[in-house]
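Asker: What follows is a single structure, and I will ask about it in a moment.
Laboratory data are not the source of any read-out in this text; all were calculated from the coordinates shown. Keep in mind that what you see is a predicted model, and the values were worked out from it rather than measured. Here the Cβ is made from the backbone with ideal geometry for all residues, glycine too, and neighbour counts use every protein chain on show.
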Amino acid sequence: MRLSHVIQVLDEIYPPAWAESWDAVGLVCGDPDQEVGRVMFAVDPVSAVVDEALEWGADLLVTHHPLLLRPVHGVAATTPKGRLVHRLIKNGTALFTAHTNADVADPGVSDALARAVGLTGELRPMVPAADDPRRGLGRVGRLPAPLPLRDFTARVAAGLPATAWGVRAAGDPDRPVGTVAVCGGAGDSLLDTARALGVDAYLTADLRHHPASEFAEHGGPALIDAAHWATEWPWLADAERRLRAAVAAPDAAEAARKLETRVSTLVTDAWRLHDEGAK
């Protein structure tokens with residue numbers, strides 16, 4: 001299977017047109033004519049992930065976060081990102097990114113997060129896309145039965161990969177939680193949306209002190225803050241399944257049916273240490 005075919009499949013699952021105007025998605029490096037037998041999925045295109053990809057012999061690394069989000073004028077090996085590009089090209093490993101186009105897909109990043117923390121039944125976007133109400137930013141769903149906030153927080157921690165950041169919650173620990181909004185990654189821009197939706201809790205990442213404090217003062221939903229990396233990691237397995245299903249179609253070539261895939265379990269969250277201080 002050629003890289004160009006894999007890219008075509010990924011672009012059909014996560015169309016680049018769905019990405020935000022400021023985003024950088026698609027093929028970062030790689031020859032469209034090269035053969036692809038192994039594809040690895042990861043959240044971050046960092047050196048440890050590239051080490052894993054090269055050691056496994058991946059022909060393609062698919063990441064959620066872009067490597068080159070801001071404009072650059074060169075990729076010399078004198079910079080960390082330039083060195084990664086050189087290593088990938090030297091070893092024949094392509095790099096592809098699906099970022100905000102995967103966030104708003106149906107299913108997308110927030111669908112995977114919702115299922116990971118126990119939401120069942122139909123999910124709906126917090127902010128539906130103008131051209132398709134089934135996709136958009138965030139998701140809203142329900143738990144099979146209401147839980148106290150302390151128990152739902154524990155369920156979130158159990159459903160997501162462990163990080164030094166952990167899982168934090170703001171609100172009455174005994175507050176019943178039945179309806180939940182989630183947004184993978186940094187979701188404080190949707191705080192007002194979560195309040196307007198009338199959900200019992202809002203799960204996201206990278207919540208800042210002042211917005212969270214002001215939000216709590218207005219009697220909105222309980223807030224649950226997890227590590228950025230952890231809230232997006234569940235999507236990798238979904239992207240892997242969707243790619244495999246697409247290339248395993250009845251008319252697919254034999255090479256496509258032999259495609260090997262792998263989800264990286266390396267914790268690449270930026271925060272590595274956590275100390276609660278004096279008790």
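Asker: Amide H neighbours of GLY185 under 5 Å, counting only residues 5+ apart in sequence or on other chains, H built in-plane at 1.01 Å?
Answerer: Amide H to amide H, under 5 Å and 5 or more residues apart or across chains, GLY185 pairs with ALA205, THR231, GLU232.
Asker: Next question, about the same structure. In the neighborhood of MET40, defined by Cβ-to-Cβ distances under 12 Å, what is the net charge if each Lys or Arg adds +1 and each Asp or Glu adds -1?
Answerer: Numbers: positive: ARG38, ARG262; negative: ASP51, GLU52, GLU55, ASP59, GLU240, GLU260.
Cβ neighbours under 12 Å give a net charge of -4.
Asker: Could you calculate the FRET efficiency of ILE89 with ASP275 from 1/(1 + (r/R0)^6), where r is the beta carbon distance between them and R0 is 51 Å, rounded to 0.05?
Answerer: Values: r = 40 Å, r/R0 = 0.79.
Efficiency, from the Cβ-Cβ distance: 0.80.
Asker: Compare the peptides 69-82, 262-275, 26-39, 226-239 by average per-residue count of other Cβ atoms within 10 angstrom and give them in order, highest first.
Answerer: Details: 69-82: 11.1, 262-275: 13.6, 26-39: 16.6, 226-239: 24.5.
Taking the mean over residues of other Cβ atoms within 10 Å, the ranking is 226-239, 26-39, 262-275, 69-82.
Asker: I would also like to ask the following. What 222 nm value per residue comes from the helices of the chain, counting each DSSP H run with n ≥ 4 as -39,500 (n - 2.57) and dividing by all residues, nearest 500 deg cm²/dmol?
Answerer: Numbers: 11 runs with 94 residues, N = 279.
Result for the chain: -9500 deg cm²/dmol, rounded to the nearest 500.
Asker: For ARG124, what residues show an amide H to amide H distance below 5 Å, using hydrogens built from the backbone and excluding near sequence neighbours?
Answerer: Answer set, sorted by chain and number: VAL140.
Asker: Take the alpha carbon atoms of segment 16-83, find their center, do the same for segment 100-137, and report the distance between the two centers in whole angstrom.
Answerer: Segment 16-83 and segment 100-137 have Cα centres separated by 24 Å.
Asker: Right, something else. Using all Cα-Cα distances in the chain, what percent lands in each 5 angstrom bin from 0 up to the longest?
Answerer: 1, 6, 12, 16, 17, 15, 12, 9, 6, 4, 1, 0, 0
Asker: Here's a follow-up. Assuming a ≥ b ≥ c are the square roots of the Cα gyration tensor eigenvalues, decide whether segment 1-110 counts as rounded (a/c under 1.5), prolate (otherwise, with a/b larger than b/c) or oblate. Don't skip to the answer; put the middle values down first.
Answerer: Numbers: a/c = 1.67, a/b = 1.22, b/c = 1.37.
Taking the square roots of the gyration eigenvalues as a ≥ b ≥ c, segment 1-110 is oblate.
Asker: Another question, if that's okay. Could you go through segment 185-195 in sequence order and give the Karplus-derived ³J(HN,Hα) for each residue, using 6.51 cos²θ - 1.76 cosθ + 1.60 with θ = phi - 60°, rounded to whole Hz, and x for Gly and Pro?
Answerer: Those phi angles translate into x, 6, x, 6, 5, 9, 4, 5, 5, 4, 5 Hz.
Asker: Amide H of VAL36 versus every other amide H placed in the peptide plane: which residues, excluding those fewer than 5 positions away on the same chain, fall under 5 Å?
Answerer: Result for VAL36 returns ARG2, LEU3.
Asker: To the nearest Å, what is the center-to-center distance of segment 159-207 and segment 214-237, using C-alpha atoms only?
Answerer: When both Cα centres are located, 3 Å separates them.
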